[in-house]
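Data block below; observations after.
The values are calculated or read from the model by the stated rules, or taken from the named source; none is laboratory data. Here the structure is a predicted model, which is why all the values come from computation and not from measurement. Neighbour counts are summed over all protein chains in view; Cβ atoms, including those assigned to glycine, are modelled from backbone coordinates with ideal geometry.
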Number of protein chains: 2
Amino acid sequence: MNIRSVAQLAGVSISTVSRVINSPESVSEELRERVRKAIEQLGYRPNQIARSLRTGSTKVVGFIIPDITNPAFLLMVKGAEDYLKRKGYMFIVCGTDHNIEEETKLLKTLLSQSVEGIIVTCSGGRNSSFAKVIQNSGVKMVFMDRRYEDIDLPYVGVDNTAGVEKITDFLVKTGHRSFAYLSGERNTSSAKERLRGFMKSMKKHGVEDYQVLYGRFTFESGYELTKKLKKIPDAVVGGNDLVALGAIEALNEMGYHVPDDVSVVGFDDMFYSKYSKPALTTVRQPIYEMGYMAGKVLWQLLSGKNIKKRVTILQTDIVVRETVKERNAPNRGFTEKVEVVL
Amino acid sequence: MNIRSVAQLAGVSISTVSRVINSPESVSEELRERVRKAIEQLGYRPNQIARSLRTGSTKVVGFIIPDITNPAFLLMVKGAEDYLKRKGYMFIVCGTDHNIEEETKLLKTLLSQSVEGIIVTCSGGRNSSFAKVIQNSGVKMVFMDRRYEDIDLPYVGVDNTAGVEKITDFLVKTGHRSFAYLSGERNTSSAKERLRGFMKSMKKHGVEDYQVLYGRFTFESGYELTKKLKKIPDAVVGGNDLVALGAIEALNEMGYHVPDDVSVVGFDDMFYSKYSKPALTTVRQPIYEMGYMAGKVLWQLLSGKNIKKRVTILQTDIVVRETVKERNAPNRGFTEKVEVVL
DNA sequence: TTGTAAGCGTTATCAG
DNA sequence: CTGATAACGCTTACAA
């Protein structure tokens with residue numbers, strides 16, 4: 001059942017059927033009606049594949065994200081979809097499982113599927129074959145949340161540095177004097193930016209009593225890193241909420257009470273953080289909005305407009321809940337800087 | 001840059017290039033090498049669109065799920081993808097936002113995108129236009145987790161009834177005498193099946209002191225329904241983990257301690273439940289496995305095999321954590337059955 | 001306003 | 001083993 005059957009049933013040529021579908025106003029009312037009846041009767045739907053082949057426009061955009069199971073990434077995706085679906089686009093979303101090779105492979109697959117645009121949240125700190133693959137492929141691309149710094153593509157992200165700096169400043173202001181920063185994957189752009197924010201705050205306030213530990217962006221990593229702490233500081237800053245929650249768990253096991261003995265903060269304000277006990281003080285990222293913006297930027301690219309702003313940075317908010325307690329801790333005299341890599 | 005450019009560069013016909021790609025063994029070693037060099041040199045990748053148009057096989061399967069942001073649905077999707085990607089399939093996943101009309105619309109869109117198969121997790125209890133749309137479309141379909149009972153399609157799900165029955169039995173055995181069941185969307189197949197499990201347990205043990213309240217599958221719903229409870233029972237059974245967690249929050253606010261005053265159980269064993277305070281006792285569903293099975297069933301359909309088992313039901317486990325306390329409560333003499341609809 | 005026909009990039013059939 | 005050519009279903013000049 002194709003355009004030919006419709007034409008036959010309606011007693012017109014296939015071009016007329018095509019016109020009824022694509023520019024009805026250019027067809028006489030009589031034929032238009034006849035064709036519509038035929039379409040209805042047969043339950044005809046145009047074959048998008050053929051259409052794409054002919055027009056060169058697939059109306060499909062692809063997403064590449066590190067983990068298809070992580071709600072934060074999917075909220076971004078939803079933001080972008082909500083913008084782009086009004087423009088008539090369909091979506092293919094692929095997860096790399098944080099694997100660079102998979103990322104390259106998916107990129108190739110999407111390209112041969114002729115997607116018109118791709119929104120990428122990077123899986124690693126570098127991907128050496130990335131540039132080569134997209135080179136003169138004609139796809140429009142945007143980085144979302146994370147980017148490869150050596151690749152010049154529009155980027156929509158969040159001010160990670162300012163976010164962590166802000167919440168660390170808040171800790172200093174509320175009387176904390178010693179700190180530990182629990183980082184996520186140290187090669188990712190977001191981990192680097194966040195750590196930078198922490199360091200800026202330390203410098204700015206002349207704090208020397210801090211530790212930096214590297215692990216992953218997971219609950220388990222937060223838990224393990226905390227157990228490796230050389231001493232328990234006044235405040236623990238998690239690379240994200242999961243890490244912070246893991247830290248709280250470890251702290252509890254070690255007999256420390258949060259926030260009475262130690263304050264803990266995170267980054268993300270993920271769905272569950274407000275329900276955790278005690279509710280987590282953290283940095284809220286405009287995740288959905290970030291995706292929405294990325295969708296918008298891609299749309300501009302897609303419609304041939306010039307992008308004036310190659311980089312769009314969204315700001316964050318501190319959300320104060322129950323894991324930070326105002327204190328006036330004595331300096332415990334720990335000034336050594338430590339790095340532990342998990 | 002297409003198959004023609006490759007042919008030209010290699011000095012062969014386009015059929016030879018096509019053969020090198022699709023059945024290399026049928027081409028002489030010499031030409032094969034020449035063509036491969038040319039492909040390499042140009043960075044050529046076959047146009048899937050054209051290929052699909054010609055062969056009629058797109059190698060794409062679609063997913064329709066109620067909420068693209070819910071990790072549980074995405075874990076199912078991942079299960080199915082993990083199975084199907086080894087067979088060379090790509091994926092389009094669409095979320096309906098629990099909206100039936102959107103569901104129908106997406107179905108149509110997927111069909112005109114010529115996906116070969118669709119895995120559906122239903123958004124409602126009924127969708128009147130569903131059957132009409134897929135009628136003689138030729139797509140292979142499978143229901144996953146939830147189904148429309150009036151539509152005869154293969155179904156892969158979980159034994160909701162047995163799961164809730166099991167955990168309610170457990171509550172009875174541990175000395176609980178009065179109960180409240182907090183249901184999710186009452187028209188969905190899973191909500192119905194779960195409630196049935198609760199009722200079976202009540203009947204079986206001759207318990208008459210129970211309340212059933214209807215709301216949604218959300219934290220907020222659990223919270224609100226709990227506040228509407230006519231009396232506080234020994235145990236609250238949540239329609240899922242979110243509902244249970246909401247119930248705990250409300251209970252705490254109302255001055256009851258879980259599990260000392262009231263026991264609470266959920267259903268799902270979602271990611272966060274093990275970290276909640278106190279850690280939630282719940283029913284573990286084999287979510288990933290369910291998706292994997294659905295992928296397998298769809299694959300059988302796709303490869304033209306006969307499906308012997310139209311219905312595949314996976315079993316659940318109870319996971320006992322900290323929200324249930326063994327007790328020997330006196331019957332508080334509440335025998336009235338109440339229904340509250342949110 | 002309508003129809004004819006070319007062509008999008010492949011694969012498949014058929015000769016050679 | 002290789003090449004010419006038709007066809008997949010559609011859109012779009014161009015002609016009528």
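General remarks:
- Options B:SER52, B:SER13, B:SER57; residue that is within 16 Å of DNA strand D (Cβ to nearest atom), hydroxyl-bearing (Ser, Thr, Tyr) and touching an Asp or Glu at 6+ places or on another chain (Cβ under 7 Å): B:SER57
- Of the criteria (1) under 22 Å from A:TYR272 (Cα atoms); (2) touching a Ser or Thr at 6+ places or on another chain (Cβ under 7 Å); (3) of a type outside the set (Phe, Trp, Tyr); (4) not in a loop (DSSP other than H, G, I, E, B), which one B:GLU220 fails: (2)
- Residue identified as at negative phi and in a strand (DSSP E or B) among B:ILE307, B:ILE318: B:ILE318
- Only one of the listed residues (B:LEU302, B:LEU298) is crowded, with 22+ Cβ neighbours inside 10 Å, in contact (Cβ under 8 Å) with a residue 60 or more places away in the chain and either touching a Ser or Thr at 6+ places or on another chain (Cβ under 8 Å) or closer than 23 Å to B:VAL139 by Cα (or both). That residue is B:LEU298.
- In region A:70-89, the count of residues that are facing another protein chain (nearest Cβ under 8 Å) and touching a Lys or Arg at 6+ places or on another chain (Cβ under 7 Å) is zero.
- For region B:212-227, the criterion of a residue being in contact with a Leu (Cβ under 9 Å, 6 or more places away or on another chain) and within 20 Å of B:ARG327 (Cα to Cα) is satisfied by no position.
- Among the numbered conditions (1) closer than 14 Å to B:GLY295 by Cα; (2) assigned to a loop (DSSP other than H, G, I, E, B); (3) among the hydrophobic types (A, V, I, L, M, F, W, C), the only one that B:ILE68 does not meet is (1).
- With respect to the conditions (1) over 24 Å from A:THR58 (Cα atoms); (2) among the aliphatic types (A, V, I, L, M); (3) within 42 Å of the chain's Cα centre (by Cα); (4) more than 9 Å from DNA strand D (Cβ to nearest atom), B:VAL20 falls short on a single one, namely (4).
- Number of positions in region A:144-154 that are surrounded by fewer than 23 Cβ atoms within 10 Å (Cβ to Cβ) and either part of a strand (DSSP E or B) or among the aliphatic types (A, V, I, L, M) (or both): 2
- Filter result for B:ALA50 (away from chain A (no Cβ under 14 Å) and in a helix (DSSP H, G or I)): no
- Residues (over 18 Å from A:ASP145 (Cβ atoms), within 12 Å of chain B (Cβ to nearest Cβ) and part of a loop (DSSP other than H, G, I, E, B)) located in region A:90-134: A:GLN113, A:SER114, A:VAL115, A:GLU116, A:SER129
- Residue selected from region A:53-62 under the condition more than 10 Å from chain B (Cβ to nearest Cβ) and in contact (Cβ under 8 Å) with a residue 24 or more places away in the chain, by the criterion surrounded by the fewest Cβ atoms within 10 Å (Cβ to Cβ): A:SER57
- Taking the listed residues B:GLU40, B:GLU29, B:GLU25, B:GLU33, the one that is away from DNA strand D (no atom under 15 Å from the Cβ), over 30 Å from B:ARG146 (Cβ atoms) and not assigned by TED's automatic domain parsing to the domain that holds B:ALA294 is B:GLU40, with no other qualifying.
- Here A:ALA244 fulfils each of the conditions (1) at pLDDT below 95; (2) within 12 Å of another protein chain (Cβ to nearest Cβ); (3) out of contact with any Pro (no Cβ under 8 Å at 6 or more places or on another chain) apart from (1).
- Test result for A:VAL93, within 30 Å of A:ASN187 (Cβ to Cβ), away from DNA strand D (no atom under 15 Å from the Cβ) and at pLDDT 95 or above: no
Per-residue answers, yes or no, for (1) of a type in the set (Asp, Glu); (2) over 18 Å from the mean Cα position of the chain (by Cα); (3) under 23 Å from A:LYS231 (Cβ atoms); (4) not assigned by TED's automatic domain parsing to the domain that holds A:ALA235:
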{"position": "A:GLU165", "(1), (2), (3), (4)": "yes, yes, no, no"}
{"position": "A:ASP169", "(1), (2), (3), (4)": "yes, yes, yes, no"}
{"position": "A:THR174", "(1), (2), (3), (4)": "no, yes, yes, no"}
{"position": "A:ARG177", "(1), (2), (3), (4)": "no, yes, yes, no"}
{"position": "A:TYR181", "(1), (2), (3), (4)": "no, yes, yes, no"}
{"position": "A:SER189", "(1), (2), (3), (4)": "no, no, no, no"}
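- Of everything listed in (1) buried (at least 19 other Cβ atoms within 10 Å of the Cβ); (2) of a type outside the set (Lys, Arg); (3) on the phi > 0 side of the Ramachandran plot; (4) within 16 Å of the chain's Cα centre (by Cα), the single unmet condition for B:SER114 is (4).
- Odd one out for B:GLY238 among (1) assigned by TED's automatic domain parsing to the domain that holds B:MET270; (2) closer than 30 Å to B:GLU116 by Cα: (2)
- Number of the condition not met by A:LYS85 [criteria: (1) assigned by TED's automatic domain parsing to the domain that holds A:PHE143; (2) in contact with a Leu (Cβ under 7 Å, 6 or more places away or on another chain); (3) assigned to a helix (DSSP H, G or I)]: (2)
- Residue tally, condition within 10 Å of DNA strand C (Cβ to nearest atom) and assigned to a helix (DSSP H, G or I), over region B:1-38: 15
- Unique residue being buried (at least 18 other Cβ atoms within 10 Å of the Cβ), in contact with a Cys (Cβ under 8 Å, 6 or more places away or on another chain) and not aromatic (Phe, Trp, Tyr) when the list is A:THR226, A:THR188: A:THR188
- Subset of region B:235-262 [assigned to a loop (DSSP other than H, G, I, E, B) and farther than 12 Å from B:THR323 by Cα]: B:GLY239, B:ASN240, B:MET254, B:GLY255, B:TYR256
- Filtering A:VAL243, A:VAL207 for residues that are among the β-branched types (Val, Ile, Thr), in contact (Cβ under 8 Å) with a residue 40 or more places away in the chain and surrounded by 18 or more Cβ atoms within 10 Å (Cβ to Cβ) leaves a single hit, A:VAL243.
- Search result, residues across region A:155-185 that are under 14 Å from A:ASP234 (Cα atoms), surrounded by 22 or more Cβ atoms within 10 Å (Cβ to Cβ) and not hydrophobic (A, V, I, L, M, F, W, C): A:THR168, A:HIS176, A:SER178, A:TYR181
- Extreme residue, farthest from the other protein chains (Cβ to nearest Cβ), among residues of region B:290-323 that are in contact with a strand residue (DSSP E or B) (Cβ under 6 Å, 6 or more places away or on another chain) and of a type in the set (D, E, K, R): B:ASP317
- Of all residues in region B:106-146, exactly one satisfies the criterion of being in contact with a Cys (Cβ under 6 Å, 6 or more places away or on another chain) and more than 25 Å from A:ARG51 (Cα to Cα), namely B:ARG146.
- Yes/no for A:SER137 being of a type in the set (Gly, Ala, Ser) and at pLDDT 95 or above: no
- For first residues located in region A:21-40 and within 14 Å of chain B (Cβ to nearest Cβ), partners that are near DNA strand C (Cβ under 7 Å from one of its atoms) and lie 6+ apart or on another chain with Cβ distances below 8 Å do not occur.
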